[in-house]
């Protein structure tokens, strides 16, 4: 995608310039769909060229951790290692080394790099509720739901949902089911007999 | 240099609209410096971030999906209404169905025409599935505009005069 090119949201063909400044519904000349386009200054911003890493020519100058022959220009804001211009990754204003960037994504150390999360609390609640439709399954699923709910407290939850309501509900439901099964296997038969009398 | 305390969690504000795509539920959230599209399957969430400083274009085009649904609801409304009238008092289930369909049709008509929205950065053009109605999309665009402009700075005086945006030259 070239800088300065605006594609029609319908047909993906480049739009003529007069449609981009109108700020009202207009018609794409290619596909004749009604479109609205809002253009922002970043469209005309030239792509930043990568600065070349400078070679050290004098003694006493800090060198890059990854390229000892290159001059350090900035420290990594996560691990503090000195980085040359080549190794410096500017991630939305935060300067990171490639290793920290990778760790941020794989080990979930940087929230804004995370692309996926498993919702253990939702899984626990489903595991506690859905098997009630075929209740004998709760003998197996209630301990599993309890385990899932407890595990969810040790794992990061949703990025956008902050409360732990689902986990607490799952714990309550699964404990009630476990208590029910304990009752059935211990006092259940004698209680039924006493009720019959 | 290693931070001793973890950074505070990012606070997100939900934007109006919920969409669906391939058995997933899609919602939009606004963070301090980015737009977050959350694609939820029920037991997992996938995230797409669009930083305000990188957003080049917000665009939408009208779709006929809403009109098709309106026609379907209207046809069902006529059918259920006719069945309710023909069956008289015994046709109360048709009357209930008539009421339900009338509610869906009214809701669809009130929501207005449908659209497909996109966000474009230097490297991608992604659809925003949660914005399916024109009115809602324009409202959300209005909420996002000041945030994006604050992150990128106000447009330069000559922005409209540039060869790309003035329409004097065709874009290759």
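If only residues of the stretch B:47-82 that are over 23 Å from residue B:107 (Cβ atoms) and part of a loop (DSSP other than H, G, I, E, B) are counted, the one that is nearest to the other protein chains (Cβ to nearest Cβ) is B:56. When restricted to residues that are modelled with pLDDT of 70 or more and either surrounded by fewer than 17 Cβ atoms within 10 Å (Cβ to Cβ) or in a helix (DSSP H, G or I) (or both), the stretch A:1-13 contains 4.
Cβ separations smaller than 7 Å between residues 6+ apart or across chains give the following pairs from the stretch B:59-71 residues that are over 18 Å from residue A:12 (Cβ atoms) to residues that are surrounded by 15 or more Cβ atoms within 10 Å (Cβ to Cβ): B:65/B:114; B:66/B:108; B:66/B:113; B:66/B:114; B:69/B:108; B:70/B:105; B:70/B:108.
The residue that is nearest to the other protein chains (Cβ to nearest Cβ), counting only those in the stretch B:83-124 that are part of a strand (DSSP E or B) and touching a residue at least 60 places away in the same chain (Cβ under 8 Å), is B:118.
Only a single criterion out of (1) more than 19 Å from residue B:49 (Cβ to Cβ); (2) touching a residue at least 12 places away in the same chain (Cβ under 8 Å) is not satisfied by residue A:136, namely (2). Taken as a whole, the stretch A:109-118 holds at least one residue that is within 11 Å of another protein chain (Cβ to nearest Cβ), crowded, with 17+ Cβ neighbours inside 10 Å and either touching a helix residue (DSSP H, G or I) at 6+ places or on another chain (Cβ under 6 Å) or in contact (Cβ under 8 Å) with a residue 60 or more places away in the chain (or both).
The values are calculated or read from the model by the stated rules, or taken from the named source; none is laboratory data. The model shown is predicted, which means the values in this text are computed figures rather than measured ones. Using ideal geometry, Cβ is built from the backbone for each residue, glycine included, and neighbour counts are taken over all protein chains shown.
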